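*Asks:* Below is a structure I'd like to ask you about.
Read-outs throughout are calculated quantities, based only on the coordinates presented, and are distinct from any laboratory measurement. This structure is a prediction, so every number in the text was calculated from the model and none was measured. Positions of Cβ are backbone-derived with ideal geometry, glycine not excepted, and every protein chain shown enters the neighbour counts.
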Amino acid sequence: MSKENTGFNYYVTIKNGVRHFEPNLFWVKPTITWIFPVPEPNAIGTLDGGKNSLTFIKFGYGNKKPEYKVIARNFSKAVFGNFTYRFSPIFTDDMIVYSKSRVAVMVNVKTGEAFHAGFNIDMGDFMFGIHPLDPEKNLFAVVKSIEGWNLEDGWFDDMHIARLEEKQLVDLGIVAKHFNETGRITSDASIYVYNRWTIHNKMLFIYTRNTTKELVCYDGFNKTAHPFTEIFNNNKTSASDVRHFAIHPTLPFGIIVDDARHTRPLHFLRWNTNDPDEQFTTINHKLLPLAALFNIKAEYFAFSYPNFSPDGKWLVLGCFQYDMFDEVHFIAIPVDPENPEFLNMDELVVLGFVNGLTSLAWSTNPTAFVVSDGNLLYKWDLGELPNARVIVGNGGDGDTHGRKE
């Protein structure tokens, strides 16, 4: 939607030769820790907010105050509480799925029906995520995390496939054992600092950190070849480990954030070429000038939270000082399908700084990247950038803030 239709202007400011796109800011009371994507335009979901419900936060255009739309209420004594949550970035047109400590929660957004689906998880163990694998067949990928017998063992994370039958998840078996999924920033934080598995085109991708240290693609229970995994495994000696990875929804490339000790090297994988030297490249150096802009020492400049927009037009990355996972400078890089290397680094946009990040999500129509720090929602309407007016600024560090509602 254009600014003529919304009556709202967007601005890109050029400072120190870098483009900056400020967020619209929205105060939320009571606090909102968790946000997640939902199948509704210009909206995100939340559980907090004092309504004991799954609620859609519906944005107006520009900085118009958002509205709250309750989808399902009181389907649990505590819809939001002291639980371990994992929200799926993947959903069907009518259902939202997430894990809540030891069960999965299924919510039909059209009817408002919500229920807990058990998965035979013992007290002390956890369900650490659930994603729809094949919604037409009611198949889901489920992470079951089991505490080791000895304190030094830590946790063992196993990937299962389950089928939803009569509001229960029937375990069909283990795909990968002890692949070591994730951890939180701190015990009381919400955002997770690892992402070592994902679903892409109904295929399951897992990084087996605790065993073979490979990326593996599964079609159901069967391992299958995929260029993304093959390129990484052929070059894994060039990477120390994997913290995050993301695969573009339609184009033949992906991103891997290395889990090096101090920095987080950024690897770019593409399979639109047969040249091995072009299939796997490390692109840290292209973003390193941002370290000075963000007042971070180059040797501690790290990356995390790689996210492709639902329409595939943007890659958003978090930049931060090593181990300061909730103090993040976000940047957006346009995706150009006509460019053999896909990422248009010359048009990179600095989005801004979030201190105390708790969760993030994408919304659609317009495409927007949304972040919560508990008290504020930061919303960058990236889909409106073509309509933005360009202003040349006088320098600055990029930690600018947008309009407040």
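*Asks:* Between their Cα atoms, which of Lys137/Lys167; Lys29/Lys69; Lys110/Lys177; Lys29/Lys313; Lys65/Lys110 are more than 26 Å away from each other?
*Replies:* Going by Cα-Cα distance, Lys110/Lys177; Lys29/Lys313 fall outside the 26 Å limit.
*Asks:* If the cut-off is a Cα-Cα distance under 17 Å, which aspartates and glutamates reach Lys202, setting aside same-chain residues fewer than 8 apart in sequence?
*Replies:* Hits, sequence-local ones excluded: Asp93, Asp134, Glu136, Asp219.
*Asks:* Classify the range 285-380: rounded, prolate or oblate, from the alpha-carbon gyration tensor (a ≥ b ≥ c, eigenvalue square roots; a/c under 1.5 rounded; otherwise prolate if a/b is larger than b/c)?
*Replies:* Verdict is oblate for the range 285-380.
*Asks:* Place the peptides 193-200, 42-49 in order of packing, highest mean first, counting for every residue the other Cβ atoms within 10 Å and averaging per peptide.
*Replies:* 42-49, 193-200
*Asks:* Let me ask you something else. Please list 370-377, 266-273 highest first by mean number of surrounding beta-carbon atoms within 10 Å per residue.
*Replies:* 370-377, 266-273
*Asks:* Using the per-residue mean of other Cβ atoms lying within 10 Å as a proxy for protection, in what order, highest first, do the peptides 105-117, 213-225, 304-316 fall?
*Replies:* Values: 105-117: 17.2, 213-225: 14.8, 304-316: 19.5.
Highest mean packing first, the order is 304-316, 105-117, 213-225.
*Asks:* Positive end of the charge dipole of the chain (Lys, Arg +1 and Asp, Glu -1 on Cβ, about the Cα centre): tell me which of Pro265, Phe280, Thr46 has its Cα farthest that way.
*Replies:* Farthest along the dipole direction, towards plus: Thr46.
*Asks:* Would you order Tyr10, Tyr68, Tyr322 from fewest to most other beta-carbon atoms within 10 Å of each residue's own beta-carbon?
*Replies:* Starting with the residue having the fewest Cβ neighbours, the order is Tyr68, Tyr322, Tyr10.
*Asks:* I would also like to ask the following. Considering amide H positions built from the backbone, and no H for Pro or chain starts, which residues 5 or more places from Asn195, or on another chain, come under 5 Å of its amide H?
*Replies:* Amide H neighbours of Asn195: His244, Phe245.
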